[in-house]
Every structure is written in C-alpha cells, then in structure tokens.
Amino acid sequence: MLELLNDPAVWASFFTLTVLEIILGVDNVIFISIVASKLPEAQRPRARVLGLAGALVLRIGLLFSITWIVGLSEPVITVMDFPVSWRDVILVAGGLFLLYKAATEIFDEVEGEDFQTSEEAVVKAVFMTVIAQIMVLDLVFSVDSVLTAVGIADHIEVMIAAVVVAIVVMMVAANPIAEFIEAHPSTKMLALAFLVMVGMALVADGFHFHIERGFIYAAMVFSGAVEGLNLLRQKRRRERAGATN
C-alpha cells in the first residue's frame, strides 16, 4: 500500500480517473435531481443522498467483480450475425428507460402537471419508486464507470478511492444543482434534453455505434453557456426594470 502512495504513476491515474468519474457522473446527478423533484421538498435531499450512496455501493461492488464485469462485454448470443453481450442489453435497456423518463418529464413540463399528494402511504410509495428508478440508472452508469476505471487504473485500491472521491463531490454538488434546475424552468428543460441525448448515446453503444462522449459533453457545455447568457440577460432586464420603476 505504501509503495502505491509513493508512485507518481498511481497518483496520475487516480486524479485522471477521479476527474473522469465526476464528468461521467454529471448525467447521474442530473437524472437524480430531476426524478427527486417529483417528491415533496423535505424528501428530496434524502432521495439524492440515497441515490448517490446506492451508486457508490454498486460501483464498489462491481469493482470487486471486475472479471465478471469484463465478461459482460463478451458475446452471449448472435442475432443475424450481430453479436450481443450482456453489456449491450444493459446499455440498450438503460438508454430506453432514460429516454422514456426524459420524454415523460418533458411532457409533464409542457402540460404543466404538478406532483401533489396528501396521503402518507402514497408519498412513501412514490419515494420508493423514485429510489428504484435511481438505482436502475445507477446500475447502467456504474457498468460504464467500472469499465472506464479498469481501462485507466491497474490497482483496485486506486479505482475505489477515485470512485469514492467522485461520489462525495457529486453528493456535495447534487443539492445546489437540483435547486438551480428547479429555480430555472428553461434550465430544467435543457437538462432533460441532455438526458435524451445521453439515452440515445447509450442505445447507440448497445448497438455498437459508439458516440464519443467528448462530443456530447462539448454540446452540453456549449448549450449551458448559452443558457447562462440567457439567464444573465433576464437578470439584467429585471434589474433595469426595477431601477426604472
């Protein structure tokens, strides 16, 4: 263990993997924030923490099953000369689920349906449903996350440390991100559009049409920058209107 701490290559792989895990986790944080917004406000922080804690447990568990995870990429069946692996099945199913959730959320936003309930039993049921949805997507994102970790780091201790740091960063950022999305409806719609894009990328990966994540994240950054300028413009207009009045 001490020799790992004194190895510059290990530290380089740790920092690289941590940054990549945080970047890959942005999709997860956005999904958790949007799904948790369906809950009563008092339950939202707990749902976000439980969702990310579940992601941490899943990823560490999968890291200890590296041989099995790598084996998921091996074809298990061939359909019309197309090799299908369990990883392909997981990615397609997860991508379709993400597309479905994003589409229904966009529909709710456009139609203006609000989540309201007064029955404690219903609230509890909805809370467990939200957690279940988060865990399903956690599994999909965790498979890709672990395969990324295996490709970058050689030591499981480094992989676990990077995953833990990345999840802690996401836990700290989850509430501010969720509050910002809730406070700005146009930003929420943009976040849902991001999830549609990620869902399509997962489905494409499942069918062996890999879309470089760099293109997706570049599009996210550009769209986010444009949205930031729009929000700044709106703020300036409100300030000028207030000064005029």
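Name the single residue, out of those in segment 165-220 being over 16 Å from S37 (Cα atoms) and of a type in the set (F, W, Y), that is modelled with the lowest pLDDT.
Y217
Quick one: is L96 closer than 22 Å to I167 by Cα and either at pLDDT below 75 or in a helix (DSSP H, G or I) (or both)?
no
Looking at the structure I just gave you, is V19 more than 20 Å from P185 (Cα to Cα) and either at pLDDT below 80 or outside any helix (DSSP H, G or I) (or both)?
Judged against the criteria, V19 is a match.
Give the residues of segment 63-104 that are within 17 Å of the chain's Cα centre (by Cα) and either exposed (fewer than 14 other Cβ atoms within 10 Å of the Cβ) or aliphatic (A, V, I, L, M) (or both), sorted by residue number. Don't jump to the end; show me each part of the working.
In the first step, residues of segment 63-104 are kept if they are within 17 Å of the chain's Cα centre (by Cα); the result is 90-103.
Correct list: I90, L91, V92, A93, L96, L98, L99, Y100, A102, A103.
Please identify the pairs in which a residue from segment 131-145 that is hydrophobic (A, V, I, L, M, F, W, C) has its Cβ atom under 9 Å from the Cβ atom of a residue that is outside any helix (DSSP H, G or I), counting only partners at least 6 apart or on another chain.
V143/L72
Sort through E105, E109 and tell me the only one that's under 20 Å from L192 (Cβ atoms), modelled with pLDDT under 75 and in a helix (DSSP H, G or I).
None of the other options fit; the residue is E109.
Are there any pairs with C-beta distances below 9 angstrom linking a residue in segment 1-27 that is farther than 29 Å from M135 by Cβ to a residue that is modelled with pLDDT of 75 or more and not β-branched (V, I, T), with the two at least 6 apart or on different chains, and if so which?
Short answer, once both residue conditions are applied: M1/E157; L4/E157; V10/E157.
The values are calculated or read from the model by the stated rules, or taken from the named source; none is laboratory data. Just so it is clear, the model here is predicted, and its values are computed rather than measured. Virtual Cβ from ideal backbone geometry, glycine too; neighbours counted across all protein chains shown.
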